[in-house]
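All remarks here apply to the structure that follows.
The values are calculated or read from the model by the stated rules, or taken from the named source; none is laboratory data. Keep in mind the model is a prediction, meaning the values are calculated, not measured. Note that we place each Cβ from the backbone using ideal geometry, even for glycine, and neighbour counts take in every protein chain shown. Side chains included, ligands, DNA and RNA excluded: accessible areas come from the protein's heavy atoms. Shrake-Rupley method; radii C 1.70, N 1.55, O 1.52, S 1.80 Å.
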Amino acid sequence: MTDHTLDAFRSRCQARIESTLDALLPPLTVQPTRLHEAMRYTVLASGKRIRPLLAYAAGEALGVDAEFLDRPACAVELIHAYSLIHDDLPSMDDDDLRRGRPTCHRAFDEATAILAGDALQTLAFQALAEAPGLSAEARIRMVETLARASGARGMVGGQAMDLEAAGTPLNLAMLENIHIHKTGALIRTSVQMGIRASGDLVPDHAERLDHYAKCLGLAFQIQDDILDVEGDTSMIGKTAGRDRQLDKATYPALVGLAGAKEMASNLIDQAHTALEVFDSGADPLRWIADALLERTA
Ligand code: GRG
């Protein structure tokens, strides 16, 4: 490993992520071009790529070559992109802006946006099923992991719980349960991709990485809530969609801003503790954990 900073690690991964996504997405020269344009419009916009970065970082901790994680890392990003398109729809959060640009249904139309999300979801599983260099067993386990994390017992379930809870008072445990599913499941899966790609694994190491990912997923959401309250840069490129208008339960609302910051910081400490047995190969995971607390967008 020649990189010694998060920036260097990120730019090394970024090139792989962007070229893999570009190669996976259907070209604009092929029909139906409007659908393909909507898919590319959303996926190739400037996201933070946290989920694919985590997959590569978990792989690095376990000595997995990055090339084996190109497809798994991008499969998670494709699911994430689909979830953002559907989350922004008028029937959900009803947002006009995403990543600093009109949301997919605003830039195209609602039907195209729904179909683009659908097609991105299936593309994610195709990308995994056809991933080169991985054993059939690794690929099927990745497909299973991603399907579970994205579906009714994972992200979609979390979104459903969130919608059902709108307007009702939530306690901390209820809020945590929503976010563990809605946001956390996919972040956990990103790390799982690195674990699944590693053939030879000490069981304790898998558990530790999974614990790291669980802490990170929750800390990510708490930090998201903190950024919304603080002001704020997190609203750049977004509109006050229904999510924010309904006065939903958030961590700062339940435990105060200082309490939320303390919770996020404790979770990052726990994430670091989980990595204690790993050598410097786990440094990218450590850098990502620290950067999460410092993020402003
Ligand atoms: C509609 C099926 C369905 C699911 C939606 C994840 C999700 C479930 C909705 C996203 C809503 C949201 C804004 C949640 C807050 C945390 C979060 C996931 C933020 C967006 O992720 P980032 O910050 O976005 O990684 P970028 O644009 O950087 O990729």
Failed condition for ILE85, given (1) surrounded by fewer than 24 Cβ atoms within 10 Å (Cβ to Cβ); (2) near the ligand (Cβ under 9 Å from one of its atoms); (3) of a type in the set (Val, Ile, Thr), with all others met? (1)
Starting from residues that are among the aliphatic types (A, V, I, L, M) and farther than 29 Å from ALA66 by Cβ, keep the ones in the range 109-119 and report whichever is least open to solvent (accessible area, probe 1.4 Å). ALA113
Selected residue (criterion: nearest to VAL76 (Cα to Cα)) from residues of the range 30-50 that are open to solvent by 20 Å² or more (accessible area, probe 1.4 Å) and part of a helix (DSSP H, G or I): ILE50
If we keep just the residues of the range 195-213 that are of a type in the set (Gly, Ala, Ser) and touching a residue at least 40 places away in the same chain (Cβ under 8 Å), which is surrounded by the most Cβ atoms within 10 Å (Cβ to Cβ)? ALA197
Scan the range 274-289 residue by residue and report those that are surrounded by 13 or more Cβ atoms within 10 Å (Cβ to Cβ) and of a type outside the set (A, V, I, L, M, F, W, C). GLY281, ASP283, PRO284, ARG286
If you take the residues in the range 120-142 that are among the aliphatic types (A, V, I, L, M) and surrounded by fewer than 19 Cβ atoms within 10 Å (Cβ to Cβ), which one is nearest to GLU37 (Cα to Cα)? ALA129
Answer yes or no: is there a residue in the range 171-194 that is open to solvent by 60 Å² or more (accessible area, probe 1.4 Å), modelled with pLDDT of 95 or more and small (Gly, Ala, Ser). yes
Test: ALA260 is open to solvent by less than 30 Å² (accessible area, probe 1.4 Å) and either closer than 18 Å to ALA213 by Cα or touching a strand residue (DSSP E or B) at 6+ places or on another chain (Cβ under 8 Å) (or both): no
For the list (1) at pLDDT 95 or above; (2) open to solvent by 20 Å² or more (accessible area, probe 1.4 Å), I need the number of the one condition that THR296 fails. (1)
Taking the range 1-11 as the search range and keeping residues that are in a helix (DSSP H, G or I) and buried (at least 16 other Cβ atoms within 10 Å of the Cβ), which one is nearest to the chain's Cα centre (by Cα)? ARG10
So the check is Cβ under 7 Å with 6+ separation or different chains; which pairs have a first residue in the range 125-142 that's more than 12 Å from ALA73 (Cβ to Cβ) and modelled with pLDDT of 95 or more and a second one that's β-branched (Val, Ile, Thr) and open to solvent by less than 60 Å² (accessible area, probe 1.4 Å)? PHE125/VAL143; ALA129/VAL143
Count - residues of the range 72-82 that are out of contact with any Gly (no Cβ under 9 Å at 6 or more places or on another chain) and either surrounded by fewer than 19 Cβ atoms within 10 Å (Cβ to Cβ) or under 18 Å from SER11 (Cα atoms) (or both): 1
Filtered residue count, the range 88-116, keeping only those that are more than 15 Å from LEU21 (Cα to Cα), part of a helix (DSSP H, G or I) and in contact with a Ser or Thr (Cβ under 8 Å, 6 or more places away or on another chain): 4
Name the residue that is least open to solvent (accessible area, probe 1.4 Å), counting only residues in the range 223-243 that are at pLDDT 50 or above and in contact with an Asp or Glu (Cβ under 7 Å, 6 or more places away or on another chain). GLY241
Among the listed residues ARG49, ARG10, ARG16, which satisfies the condition of being within 12 Å of the ligand (Cβ to nearest atom) and at pLDDT 95 or above? ARG49
Neighbours by Cβ (under 7 Å, 6+ apart or cross-chain): first from the range 147-172, over 18 Å from ASP87 (Cβ atoms); second among the small types (Gly, Ala, Ser) and modelled with pLDDT under 95: LEU170/ALA249
With ARG99, ARG106 as the choices, which residue is open to solvent by 10 Å² or more (accessible area, probe 1.4 Å) and away from the ligand (no atom under 14 Å from the Cβ)? ARG106
Let me spell it out: the conditions are (1) assigned to a helix (DSSP H, G or I); (2) among the aliphatic types (A, V, I, L, M); (3) crowded, with 16+ Cβ neighbours inside 10 Å; (4) more than 16 Å from the ligand (Cβ to nearest atom), and VAL64 meets all of them except one. Which number is the exception? (1)
